[in-house]
Structure formats: structure tokens, C-alpha cells
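The values are calculated or read from the model by the stated rules, or taken from the named source; none is laboratory data. Here the structure is a predicted model, which is why all the values come from computation and not from measurement. Positions of Cβ are generated from backbone atoms using ideal geometry, with glycine treated the same way; all protein chains shown enter the neighbour counts.
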Amino acid sequence: MATVEKGRARRRKRPAQGRGARAPSPVCITINGRQHTFLPGRDIAPNMTLAYLLREGVGLTGLKVSCDEGACGACTVLMDGRAVLSCMILAVEAGGHEVTTIEGLPADDPVIEAFAGQCGPGYGTALQCGYCTPGFVMSSVALLGENPSPTLEEVKEALSGNICRCGCYAGIAQAVLHASEKIAARGGAR
Ligand code: FES
Ligand code: FES
């Protein structure tokens with residue numbers, strides 16, 4: 001079960017604007033619970049990715065852009081609760097949707113706590129340089145939202161689209177299992 005969905009091709013031709021063409025409609029996106037309105041041509045270019053808009057337009061720099069071509073998962077955010085690669089989605093395609101970045105998670109989110117506290121013997125930590133961490137966290141949040149009690153194999157499958165160049169995979173998988181335990185201990189609440 002892969003929880004990361006690839007968006008459609010990022011670059012598209014600008015539609016021809018003949019005489020009498022109507023001004024493009026504003027693009028409204030709910031980001032971390034707050035509605036933002038962007039004007040095409042002023043705030044959003046037709047080929048602007050959601051990752052670029054979030055980082056450069058809104059200042060949410062938690063998500064990282066590493067490969068910028070859908071191969072590493074560092075740019076993962078939630079759109080309507082599902083993990084998506086924000087470098088593969090056009091900003092205009094996010095119109096009308098709810099987007100959550102790592103900044104939108106509470107400080108006591110069980111996944112964040114589990115990643116920060118992971119140090120089990122034999123598994124190592126869940127992060128070293130931390131560059132991949134926001135993407136892994138958001139993919140894990142999406143997984144646990146769909147399946148609060150995943151098996152180790154289900155965790156590996158769900159996170160298979162995320163790459164950690166520091167090689168913390170064992171610790172990351174353990175952190176997700178610990179987050180699952182934390183959620184269960186809270187009665188299923190996140
Ligand atoms: S930066 Fe988006 S998948 Fe790598
Ligand atoms: S912790 Fe360094 S890339 Fe994953």
C-alpha cells in the first residue's frame with residue numbers, strides 16, 4: 001500500500017489568452033488550517049510547484065526539495081490527509097484542498113515525539129542530518145492516519161518512496177512503530 005501519490009506533470013503550456021479572456025480566478029488553499037488566497041500571475045505562475053509556493057511564497061521551509069523530480073520524498077506534505085509529493089504537484093492544483101506541512105503538526109504529535117526519541121539499541125536513531133525527516137514524518141502521519149497499527153512490513157512499504165541518505169531506515173521504521181504504540185496509548189487519538 002503506497003501512501004505517496006505522484007502528481008501530474010509539473011510543467012504545462014500557458015493557455016493562450018485572447019482578447020476578452022477573463023482574469024484567472026484566485027486560488028484558495030487551506031494551509032495548516034489557515035486559508036490563503038493566491039492570485040495567478042501575481043502570486044502563482046502556471047508552472048509553479050506546490051513545493052515552491054509553500055517554501056518561497058508562504059515561508060514554510062520544513063519541507064525540503066532535494067531531487068525536485070518525485071524520486072526522494074523529501075518534499076512530502078499532506079493534501080486532504082494523504083501524502084503527496086509537493087514537487088510534483090502544481091500550486092494551482094492545490095486550489096480547494098487542505099494542505100498540511102510539518103509546521104502544521106502539534107509539538108506533541110506522536111510521530112514527531114517518536115522520531116525525536118528514537119534510540120533503540122540495534123536500530124539506531126531515526127535521523128542524523130535530518131534533511132529527509134520532514135518527508136518521512138509526513139509519510140508516517142499519513143500511514144498512521146489510514147492504518148494506526150501497521151506491521152513492520154506495512155511501514156516499510158508505506159515509506160518506500162522516501163530516501164534517507166544517512167541510512168537511518170531501521171531507526172525510522174522503529175520510530176513509526178513506537179508512534180503507533182503512542183497513538184494506541186492515547187486511546188487512538190493523535
Ligand atoms: S524533492 Fe520531491 S520527491 Fe524529491
Ligand atoms: S537523516 Fe540524513 S538524509 Fe535522512
Is it the case that some residue within the range 154-162 is within 7 Å of ligand 2 (Cβ to nearest atom) and assigned to a loop (DSSP other than H, G, I, E, B)? no
Would you point out the residue of the range 69-97, among those that are within 16 Å of ligand 2 (Cβ to nearest atom) and in a loop (DSSP other than H, G, I, E, B), that is surrounded by the fewest Cβ atoms within 10 Å (Cβ to Cβ)? 71
If only one of 54, 90, 50 is of a type outside the set (Ser, Thr, Tyr) and either more than 17 Å from residue 32 (Cα to Cα) or assigned by TED's automatic domain parsing to the domain that holds residue 158 (or both), which one is it? 90
Taking the range 43-67, which residues are among the small types (Gly, Ala, Ser), within 16 Å of ligand 1 (Cβ to nearest atom) and either over 22 Å from residue 136 (Cβ atoms) or not in a loop (DSSP other than H, G, I, E, B) (or both)? 51
Take the conditions over 27 Å from residue 65 (Cα atoms), away from ligand 1 (no atom under 16 Å from the Cβ) and not basic (Lys, Arg) and apply them to residue 188. Does it pass? yes
The range 104-115 - residue that is touching a helix residue (DSSP H, G or I) at 6+ places or on another chain (Cβ under 9 Å) and among the charged types (D, E, K, R) and, of those, surrounded by the fewest Cβ atoms within 10 Å (Cβ to Cβ): 113
With respect to residue 47, is the statement that it is out of contact with any helix residue (DSSP H, G or I) (no Cβ under 8 Å at 6 or more places or on another chain) and modelled with pLDDT of 95 or more true? yes
Taking the residues in the range 115-144 that are without any contact (Cβ under 8 Å) to a residue 40 or more places away in the chain and within 11 Å of the chain's Cα centre (by Cα) as candidates, determine which candidate is nearest to ligand 2 (Cβ to nearest atom). 133
Restricting to the range 25-42, what's the tally of residues that are surrounded by fewer than 17 Cβ atoms within 10 Å (Cβ to Cβ) and outside any strand (DSSP E or B)? 6
So which residues in the range 68-92 are within 10 Å of ligand 1 (Cβ to nearest atom), in contact (Cβ under 8 Å) with a residue 60 or more places away in the chain and over 11 Å from the mean Cα position of the chain (by Cα), if there are any at all? 70, 71, 72, 88, 89
